[in-house]
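K.L.:
This is the structure I want to talk about, given as structure tokens.
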Amino acid sequence: MATVGKVITCKAAVAWEPGKPLCIEEVEVAPPKAHEVRIKVVATGVCHTDWEYLFETGKGMKFRPFPLVLGHEAAGIVESTGPEVTRFSPGDKVIPLFLPYCGECERCLSPKTNHCKKNWTNMQAGVLADGTSRISCKGQQVYQFLGVSSFSQYTVVPDTSVAKIRSDAPLDKVCLLGCGVSTGYGAAINAGKVEKDSSCAVFGLGAVGLAAVMGCKVAMARRIIGVDINPNKFEKARQFGATDCINPRDYSKPIQEVVVEKTGGGVDYGLECVGSPAIMVGASFEIWHTLYNVFLVNLDLISFLLMGRTLKGTYFGGWKSVKDVPKLVDDYMNRKLKLDEFITEKLPLVQINKAFGLLKSGKSIRTVISLQDS
């Protein structure tokens with residue numbers, strides 16, 4: 001290919017500083033170095049995490065260096081590979097991943113965790129293995145969000161953070177498996193291990209919550225209660241398998257009391273998919289019977305634990321990223337997993353700020369950005 005070994009000039013949405021809209025800029029993407037893959041990004045989802053790191057930095061969110069190219073939920077095509085890359089070739093369809101999987105370390109070999117540490121610290125800091133980014137703009141380095149930066153037409157990612165997928169997979173759909181859908185679905189299937197004929201309550205019906213509902217449905221839960229303050233999401237939740245939908249604003253009492261009353265004592269599993277400490281405490285930990293589980297929380301509530309309740313957090317749904325994502329793609333292609341139903345809008349890169357607005361307003365489950373149409 002004519003671009004191999006050369007700097008590629010392309011378009012990207014650059015966050016120059018926190019709290020400001022993204023700017024569409026021309027950026028330079030350097031060739032991949034050892035154990036790196038340069039990807040032509042075809043499609044990317046707009047995740048709430050992207051919004052939070054732009055607009056909530058310093059308000060509880062860990063600071064990220066700016067300027068920054070956000071985006072971490074994507075799919076694309078390998079443009080070129082750096083030295084010592086053996087698993088990828090130009091033309092391969094791939095999903096870049098914010099969670100690495102080297103397949104060799106103690107954590108990758110353990111069935112108890114998916115927290116591979118390969119390149120982890122640098123990727124969290126917005127750079128690759130050598131401590132620098134491959135993206136620059138106007139003569140300065142632009143940091144790569146979670147080591148991915150999919151709001152750019154091209155990006156460079158460590159080869160331990162890339163999943164090769166089947167050639168017939170639609171990239172504008174399977175991009176969603178790079179974050180939200182995999183996380184929520186895995187929370188029910190892997191972390192929660194929801195059982196047949198159980199009852200579940202899912203708090204928050206965004207992409208992660210709907211995916212958790214889908215996971216509960218696949219696990220053959222008998223009753224799945226979706227909880228959200230936006231009733232416009234209820235029809236979608238029922239499509240994914242919710243048997244009941246509740247709006248906390250319709251009641252004068254705490255939502256946990258409502259759930260307990262409606263279920264005759266509480267549910268078996270509570271899945272918190274909002275990220276609110278108040279909801280984690282009240283709307284999750286107080287809604288089930290004595291010996292049941294809650295996921296996606298990290299709180300020390302001794303009295304509840306002593307009564308037999310358990311809690312468990314999950315990162316990326318417990319999936320071994322590079323190893324498991326291709327299997328999720330296969331499940332979608334075999335109609336065992338929904339993806340199309342999550343997509344509420346498709347926009348070009350130049351409308352990325354509109355996508356953020358739709359997300360924040362609650363009018364969008366997932367907007368997919370078409371990178372090569374911009």
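The values are calculated or read from the model by the stated rules, or taken from the named source; none is laboratory data. The structure displayed is predicted, hence computed values, not measured ones. Every residue, glycine among them, receives a Cβ derived from its backbone with ideal geometry; neighbour counts consider all protein chains shown.
K.L.:
Return the pair list, or none, for Cβ contacts closer than 6 Å from residues in the range 331-348 that are under 15 Å from Val218 (Cβ atoms) to residues that are assigned to a loop (DSSP other than H, G, I, E, B) and of a type outside the set (Val, Ile, Thr), at least 6 apart or on different chains.
P.N.:
Asp331/Leu337; Tyr332/Leu339
K.L.:
Would you check if Phe98 is more than 20 Å from Pro65 (Cα to Cα) and touching a helix residue (DSSP H, G or I) at 6+ places or on another chain (Cβ under 8 Å)? Please lay out each step first, then the result.
P.N.:
On the way: more than 20 Å from Pro65 (Cα to Cα): no; touching a helix residue (DSSP H, G or I) at 6+ places or on another chain (Cβ under 8 Å): yes.
For Phe98, the condition - more than 20 Å from Pro65 (Cα to Cα) and touching a helix residue (DSSP H, G or I) at 6+ places or on another chain (Cβ under 8 Å) - is not met.
K.L.:
Considering only the range 307-354, state which residues are assigned to a helix (DSSP H, G or I) and under 17 Å from Leu99 (Cβ atoms). Talk me through it step by step, then tell me what you get.
P.N.:
Quick first cut of the range 307-354, residues assigned to a helix (DSSP H, G or I) only: 316-318, 321-333, 340-342, 349-354.
Matches in the range 307-354: Phe316, Gly317, Gly318, Ser321, Val322, Lys323, Asp324, Val325, Pro326, Lys327, Leu328, Val329.
K.L.:
Which number in (1) modelled with pLDDT of 95 or more; (2) crowded, with 24+ Cβ neighbours inside 10 Å; (3) under 15 Å from the mean Cα position of the chain (by Cα) marks the one condition that Lys173 misses?
P.N.:
(2)
K.L.:
Among the residues of the range 85-98, are any within 21 Å of Gly357 (Cα to Cα), in contact with a strand residue (DSSP E or B) (Cβ under 8 Å, 6 or more places away or on another chain) and not hydrophobic (A, V, I, L, M, F, W, C)? Even if it seems obvious, please write down each step before you answer.
P.N.:
Here is the first cut: in the range 85-98, the residues within 21 Å of Gly357 (Cα to Cα) are none.
No, the conditions are met nowhere in the range 85-98.
K.L.:
Give the residue, chosen from Val42, Val37, Val46, that is in contact (Cβ under 8 Å) with a residue 40 or more places away in the chain, under 14 Å from Gln153 (Cβ atoms) and within 23 Å of the chain's Cα centre (by Cα). Let's see the steps before the verdict.
P.N.:
Values: Val37 fails: under 14 Å from Gln153 (Cβ atoms); Val46 fails: under 14 Å from Gln153 (Cβ atoms).
Answer to the check: Val42.
K.L.:
Taking the stated definitions as given, is Val127 surrounded by 15 or more Cβ atoms within 10 Å (Cβ to Cβ), closer than 16 Å to Val322 by Cβ and either among the acidic types (Asp, Glu) or within 20 Å of the chain's Cα centre (by Cα) (or both)?
P.N.:
Working: surrounded by 15 or more Cβ atoms within 10 Å (Cβ to Cβ): yes; closer than 16 Å to Val322 by Cβ: no; either among the acidic types (Asp, Glu) or within 20 Å of the chain's Cα centre (by Cα) (or both): yes.
In short, no.
K.L.:
Follow-up question, since we're still on this one. Can you report the number of residues in the range 365-374 which are surrounded by 22 or more Cβ atoms within 10 Å (Cβ to Cβ) and either touching a Ser or Thr at 6+ places or on another chain (Cβ under 6 Å) or part of a loop (DSSP other than H, G, I, E, B) (or both)? Can you show your working first?
P.N.:
We begin by selecting, within the range 365-374, every residue surrounded by 22 or more Cβ atoms within 10 Å (Cβ to Cβ); these are 365-369, 371.
With either touching a Ser or Thr at 6+ places or on another chain (Cβ under 6 Å) or part of a loop (DSSP other than H, G, I, E, B) (or both) added as a condition, the list becomes 365, 369.
Selection size over the range 365-374: 2.
K.L.:
Name the residues in the range 223-277 that are part of a helix (DSSP H, G or I) and polar (S, T, N, Q), would you? Step through it out loud before you land on a result.
P.N.:
Let us first name the residues in the range 223-277 that are part of a helix (DSSP H, G or I), namely 231-240, 248-250, 255-262, 277.
Once the filter is applied, which keeps residues that are part of a helix (DSSP H, G or I) and polar (S, T, N, Q), the range 223-277 yields Asn232, Gln239, Gln256.
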